[in-house]
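The values are calculated or read from the model by the stated rules, or taken from the named source; none is laboratory data. Everything numeric in this text was worked out from a predicted model, so none of it was measured. FYI the Cβ positions are ideal-geometry reconstructions off the backbone, even for glycines, and counts take in every protein chain you see. All accessible areas refer to the heavy atoms of the entire protein, side chains included, with ligands and DNA or RNA removed. Shrake-Rupley method; radii C 1.70, N 1.55, O 1.52, S 1.80 Å.
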Amino acid sequence: MITPIGILAVNASAFVMAHLVAFRIGIAACAVVSGLVLNGLTAWWLLRLVSRQAPPLYREYRLWALGGSVLIVLLTAAAGGYLTYLGLRDPQRLPDALSVIVATVMILLPIGITIAARRVAGIGGIIPVEEPAGKERAPPRRGAPSLDRRT
């Protein structure tokens, strides 16, 4: 089972390397889309976190926060795509240090920001865990819809 998959992977890699000039635009475009998705989801989560942790501050600077977030997401995604494109310019120099560093940063940036924001907000680790027995959540405010459907 593993051998046929390995053979297909090697042949696909060889095909991409033989046609790298044609593939590098597509790979760079995929890097841009990936950056938009990963960084966009992280920015959306951060904006939600700020809106819950500091509602008056968020209401006051909402447009600035949204504009800054959009600008940062667009710039990081574009930079990731462009640097990926540059890193794939010569098939004889692959694996290219620039491509590896850019890919690593593009993966670790949203993860690192999320971990740091969770710690600053006092949420804890990156994986949510259930509260220990006996430590219950505060009851919902009056008029607010309940998320607990066990009633």
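Values as computed for the structure displayed
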item	result
Check on VAL120, surrounded by fewer than 11 Cβ atoms within 10 Å (Cβ to Cβ) and part of a helix (DSSP H, G or I)	yes
Residue satisfying condition, being surrounded by fewer than 15 Cβ atoms within 10 Å (Cβ to Cβ) and either under 24 Å from the mean Cα position of the chain (by Cα) or assigned to a helix (DSSP H, G or I) (or both), within set LEU46, LEU83, LEU57	LEU57
Test for VAL32: is it touching a helix residue (DSSP H, G or I) at 6+ places or on another chain (Cβ under 7 Å) and either among the charged types (D, E, K, R) or touching a residue at least 12 places away in the same chain (Cβ under 8 Å) (or both)	yes
Residue check, THR3 surrounded by fewer than 13 Cβ atoms within 10 Å (Cβ to Cβ) and more than 12 Å from LEU88 (Cα to Cα)	yes
Subset of the range 12-29 that is open to solvent by 90 Å² or more (accessible area, probe 1.4 Å) and without any contact (Cβ under 8 Å) to a residue 40 or more places away in the chain - its residue that is farthest from ARG89 (Cα to Cα)	PHE15
Conditions (1) surrounded by fewer than 15 Cβ atoms within 10 Å (Cβ to Cβ); (2) farther than 26 Å from ARG119 by Cβ: number failed by LEU41	(2)
